[in-house]
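Below: one structure, written as structure tokens.
The values are calculated or read from the model by the stated rules, or taken from the named source; none is laboratory data. Small disclaimer: the values here were computed from a predicted structure and weren't measured. Cβ sites come from the backbone with ideal geometry, for glycine too, and all protein chains shown count toward neighbours.
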Amino acid sequence: MSEFEDLVDAHYQALFRFGMSLAHNADMASDLVQETFCIWAAKGDQLRDRSKAKTWLFTTLHREFLNHRRRSSRFSDEPVNEEAAAAVASPEEDADRQMDGQHALDLLSSLDETYRAPLALFYLQQHSYKEIAEILDVPIGTVMSRLSRGKDMLRRRMTDEPSSAPKNILQLQDEGLQKHRG
Amino acid sequence: MRLKTFYNSKTKDSKNTVDKERAQFILRSFRPDGSDVEDCDFAEALAMAMENRELGEWLADERAFDASFAKALSSVELPEGLRQDILGCLAGERGDYPQAGDAQDADFIGALASVQTPPSLRMEILAAMERSTRVSPTRQKKWFFHRLAMPVAAAAGVAFAFFLFDQRKPAILATSGPLPLDVVQAGFLRTFESPLFSLDETRKQHEDIVAHLKSRNLPCPCCLPPGLANVKGIGCRELDIDGKSGTLICFDEGDNGVLHLLIFRRQDVCGDFPPREHPVFAQNGRWAAARWEDHNKVYILTGNTEIKKLSTIF
């Protein structure tokens with residue numbers, strides 16, 4: 001088995017799930033994973049420290065996602081996801097709902113990407129918070145802050161705080177969107 | 001990160017409260033599977049959670065929630081074929097198709113590339129096939145001949161290429177052992193040069209072709225490359241080369257022409273055949289070929305196409 005095949009086997013599943021968490025679209029997630037490995041094929045030999053390959057791959061996928069989003073107004077103009085938040089935060093259902101993959105993705109997609117990316121990386125458990133900071137190119141403290149706040153939002157989405165939670169959440173999301181639009 | 005470095009100036013009570021909040025803040029970055037347990041940056045907060053019951057309970061609850069969410073996320077299903085798509089995409093992007101590395105492969109492809117099908121060949125083949133048919137063809141048979149004309153002509157072109165190749169470099173005589181690849185090529189030539197050439201079965205459905213091959217105890221494709229899965233078959237026949245039974249299957253790729261797949265049992269052919277995931281490709285002129293090994297069988301796939309297009313089949 002080639003070195004490249006080993007690398008694909010080791011990481012493509014987590015990369016796909018990270019892509020799904022970001023894009024919430026299987027086709028786009030697949031494309032992102034393929035593009036990531038193709039970029040590795042072209043530039044990976046420039047990475048001297050091969051132990052950094054995993055972080056490099058996740059960094060590249062995230063960057064590619066941001067590039068796609070910039071190219072597509074579908075992403076940049078996406079409104080704050082109130083409907084999605086309401087849908088996943090249905091109090092009648094959530095109490096007894098078993099968490100499954102789709103539910104997890106729905107919850108993540110209801111958050112602004114500011115929180116979505118670090119939370120997805122955290123829950124994939126492939127990276128420490130320091131590595132997440134490196135992947136997302138933000139300070140360590142920022143990652144910790146986003147994890148903490150993002151988890152709060154997830155919990156609120158999963159419990160019945162339809163009247164109080166969204167206000168705070170929307171403020172944070174607006175903040176995040178403003179940053180992206182800027 | 002160290003708690004005491006942040007709050008040295010606080011009073012004891014307020015410091016405890018703030019420390020607890022700070023510990024919670026830190027521990028929220030602690031992965032639920034315990035991957036971070038060796039990270040000294042968590043040590044102080046973890047120690048505090050062990051001493052402080054309220055904080056300990058909060059941590060247990062937090063980790064349970066995190067573990068549940070992580071498990072759910074890890075259960076997100078992957079698209080079927082994603083791995084192969086990645087590897088195929090990479091092969092295309094890198095342009096690093098395994099190239100035929102030996103002289104034999106070069107000859108093989110060179111011969112294919114040199115093929116110039118004589119203008120009259122098609123009609124000669126059709127006429128030969130008509131003569132070789134002992135029973136007058138029915139209406140359906142006539143249709144079959146016309147249907148077969150293109151693949152046979154193409155296949156005969158391949159055979160002609162082998163013939164030219166063999167004139168320059170006679171095949172090594174086969175022994176009772178495994179056949180060298182050039183002997184396979186020479187045998188392939190003889191089959192297609194014969195005026196008695198025909199396909200044993202004309203079937204579009206792969207399962208029908210496989211059923212026929214199994215009934216004849218001929219090498220069957222246990223696993224076709226993904227890109228051939230939905231390509232209609234034309235038919236198949238036995239290749240008997242120096243006592244070794246092989247199979248030829250023709251596939252109709254529509255506007256992309258015909259692909260020819262030769263299959264032999266592994267023990268009947270010697271030489272280097274890579275696994276199916278890494279076929280060896282070669283290109284010369286308009287002809288491309290790939291060969292590989294899978295489940296104790298060897299395969300040669302060729303057609304009038306380009307490596308890039310042929311590689312998408314894998």
Within the stretch A:1-14, residues facing another protein chain (nearest Cβ under 8 Å) and over 16 Å from the mean Cα position of the chain (by Cα) come out as A:2, A:4, A:5, A:8, A:9
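Criterion first (surrounded by fewer than 24 Cβ atoms within 10 Å (Cβ to Cβ), under 19 Å from residue A:53 (Cα atoms), hydrophobic (A, V, I, L, M, F, W, C) and in the same structural domain as residue A:156 (by TED's automatic domain parsing)) does residue A:136 satisfy it?
yes
Quick one: in the stretch A:133-182, which of the residues that are in a loop (DSSP other than H, G, I, E, B) and within 14 Å of another protein chain (Cβ to nearest Cβ) is modelled with the lowest pLDDT?
Quick first cut of the stretch A:133-182, residues in a loop (DSSP other than H, G, I, E, B) only: A:137-139, A:159-164, A:182.
Next, only the ones that are within 14 Å of another protein chain (Cβ to nearest Cβ) stay: A:138-139, A:159.
On the way: A:138: 92, A:139: 93, A:159: 78.
Top of the filtered list is A:159.
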Answer with yes or no whether residue A:103 is at pLDDT below 90 and in the same structural domain as residue A:32 (by TED's automatic domain parsing).
no
For the stretch B:37-62, which positions are touching an Asp or Glu at 6+ places or on another chain (Cβ under 9 Å) and within 30 Å of residue A:13 (Cβ to Cβ)?
B:42
Flag for residue A:17 being within 14 Å of another protein chain (Cβ to nearest Cβ) and modelled with pLDDT of 90 or more
yes
If I ask for residues that are more than 8 Å from chain B (Cβ to nearest Cβ) and touching a Lys or Arg at 6+ places or on another chain (Cβ under 7 Å), which ones from the stretch A:20-46 would you list?
A:22
Name, by its number, the condition in (1) under 18 Å from residue B:31 (Cβ atoms); (2) not in a loop (DSSP other than H, G, I, E, B) that does not hold for residue A:105.
(1)
Residue A:130 passes all but one of (1) basic (Lys, Arg); (2) within 9 Å of chain B (Cβ to nearest Cβ); (3) within 18 Å of residue B:65 (Cβ to Cβ); which number fails?
(3)
Output the number of residues of the stretch B:24-42 satisfying the condition of being assigned to a helix (DSSP H, G or I) and either touching a residue at least 24 places away in the same chain (Cβ under 8 Å) or among the β-branched types (Val, Ile, Thr) (or both).
4
When restricted to B:85, B:33, the only residue facing chain A (nearest Cβ under 7 Å), loosely packed, with under 14 Cβ neighbours inside 10 Å and over 20 Å from residue A:140 (Cα atoms) is B:33
With the condition kept exactly as written, say whether any residue in the stretch B:43-59 is free of Cβ contacts under 8 Å to residues at least 40 places away in the same chain and under 21 Å from residue A:157 (Cβ atoms).
yes
Give the residue that is modelled with the lowest pLDDT, with candidates limited to residues of the stretch B:230-266 that are over 21 Å from the mean Cα position of the chain (by Cα) and not in a strand (DSSP E or B).
B:255
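Here is a yes/no grid of residues against (1) modelled with pLDDT under 85; (2) facing chain A (nearest Cβ under 9 Å); (3) surrounded by fewer than 16 Cβ atoms within 10 Å (Cβ to Cβ):
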{"position": "B:4", "(1), (2), (3)": "yes, no, yes"}
{"position": "B:18", "(1), (2), (3)": "yes, no, yes"}
{"position": "B:41", "(1), (2), (3)": "no, yes, no"}
{"position": "B:47", "(1), (2), (3)": "no, no, yes"}
{"position": "B:59", "(1), (2), (3)": "no, no, no"}
{"position": "B:65", "(1), (2), (3)": "no, yes, no"}
{"position": "B:73", "(1), (2), (3)": "no, yes, no"}
{"position": "B:105", "(1), (2), (3)": "yes, no, no"}
{"position": "B:111", "(1), (2), (3)": "yes, no, no"}
